[in-house]
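The values are calculated or read from the model by the stated rules, or taken from the named source; none is laboratory data. Bear in mind that the values here come from a model prediction, so they are computed numbers and not experimental data. Don't worry about glycine lacking a Cβ; one is built from the backbone with ideal geometry, like all the others, and counts go over all protein chains shown.
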Amino acid sequence: MKRFFTYPWVRIPAAIVAWTLLVYAILEAGSNLFFDVEVLPRFWIRDFLAHLLLSSVIYLMARNFRTYAIAYALLVTILHVSNALKMVILGSPMMPDDFISVRNMFMLFSGWKFWIMVLMLALPLTALAAMIHWRHPRSWLSLSLVGAGILVLLNWPAQMMAAMDRQFGDWIWNQPGNYRERGLLIHLVQETARNVSRGLDVPDKAAVAKAFETLGHGEPAAQTMTNDFTKRNVHLILLESFWDPLLLEGIEFSGDPITAEFRKLWA
């Protein structure tokens, strides 16, 4: 216990703040410079405080400042770069579903690209595992704080989501705007709470039957097949996002694929 209380708490926290600020400034500047992705300046302080909280929790686990600095920098760099790439390619920030479907991401790559993806996942996790000082009380204190946060998230996701929505706002239709006003870490925690809350709200058979009854319907009947029609080919084009096909170069159309009425609404 004497070792626990005589640790140089006065000198090291200043280094934590300085390192967190340096990494944060580099990542924000780099995201803006190379990807044109940034948190709105008026929310920088709030975003930095979220990073400082994560940084402090990681430091409490660390064997020394050097291992903490490497592990923290690797973790947040991978998160920020991945988020910036997704914003550029898909126009949306990282979401909890991206972590759930990470296995599918690996299936999209082969060769050296596959191994780059492996390194992006393995390096920060390995650094985190290697830096933990398992015999020091600080490590278990930090791990306990992380565990308590996860328990709150899993047991009271709706309450946590509602509180964060009130504090940080939520645009259902504008996830990029959510990211720019929340910052990456707050955004991920807030949307994780939302996902967990939705997962718990699953109607049972009685609720479904009551919904049909309220709508004036009985049990859904099976569709009956009939041959009393002329068969024809049906072509379905499914677009992940809507775009104007007339913008395609080197393509000629016999007519505008988009109706005049819709173009009027679009304009």
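Just so you know, in the stretch 197-221 the residues that are over 30 Å from LEU154 (Cβ atoms) and at pLDDT 75 or above include one that is surrounded by the fewest Cβ atoms within 10 Å (Cβ to Cβ), and it is GLY216.
I'd like to verify a number: residues in the stretch 132-170 that are surrounded by 12 or more Cβ atoms within 10 Å (Cβ to Cβ), over 15 Å from LEU54 (Cα atoms) and among the hydrophobic types (A, V, I, L, M, F, W, C), how many? Counting residues in the stretch 132-170 that are surrounded by 12 or more Cβ atoms within 10 Å (Cβ to Cβ), over 15 Å from LEU54 (Cα atoms) and among the hydrophobic types (A, V, I, L, M, F, W, C) gives 12.
Test ALA127 against the criterion of being surrounded by 14 or more Cβ atoms within 10 Å (Cβ to Cβ), assigned to a helix (DSSP H, G or I) and touching a residue at least 60 places away in the same chain (Cβ under 8 Å), and give yes or no. Give the steps one after another, and end with the answer.
Working: surrounded by 14 or more Cβ atoms within 10 Å (Cβ to Cβ): yes; assigned to a helix (DSSP H, G or I): yes; touching a residue at least 60 places away in the same chain (Cβ under 8 Å): yes.
For ALA127, the condition - surrounded by 14 or more Cβ atoms within 10 Å (Cβ to Cβ), assigned to a helix (DSSP H, G or I) and touching a residue at least 60 places away in the same chain (Cβ under 8 Å) - is met.
For the stretch 222-267, filtered to residues that are within 28 Å of GLY91 (Cα to Cα) and among the β-branched types (Val, Ile, Thr), the residue that is modelled with the lowest pLDDT is ILE237.
Against the numbered list (1) modelled with pLDDT under 95; (2) closer than 28 Å to VAL81 by Cα; (3) assigned to a helix (DSSP H, G or I), ILE172 comes up short only at (3). Among the residues of the stretch 107-122, which ones are over 30 Å from GLU181 (Cβ atoms) and part of a helix (DSSP H, G or I)? Within the stretch 107-122, MET107, GLY111, TRP112, LYS113, PHE114, TRP115, ILE116, VAL118, LEU119, ALA122 qualify. Residues in the stretch 22-46 that are outside any loop (DSSP other than H, G, I, E, B) and in contact with a helix residue (DSSP H, G or I) (Cβ under 7 Å, 6 or more places away or on another chain): VAL23, TYR24, LEU27, SER31, PHE35, PHE43. Of VAL39, VAL23, all but one fail to be in contact with a Gly (Cβ under 6 Å, 6 or more places away or on another chain), of a type in the set (A, V, I, L, M) and touching a residue at least 40 places away in the same chain (Cβ under 8 Å); the exception is VAL39.
Once the stretch 77-106 is narrowed to residues that are part of a helix (DSSP H, G or I) and more than 19 Å from PRO124 (Cβ to Cβ), the residue that is modelled with the lowest pLDDT is ASN104.
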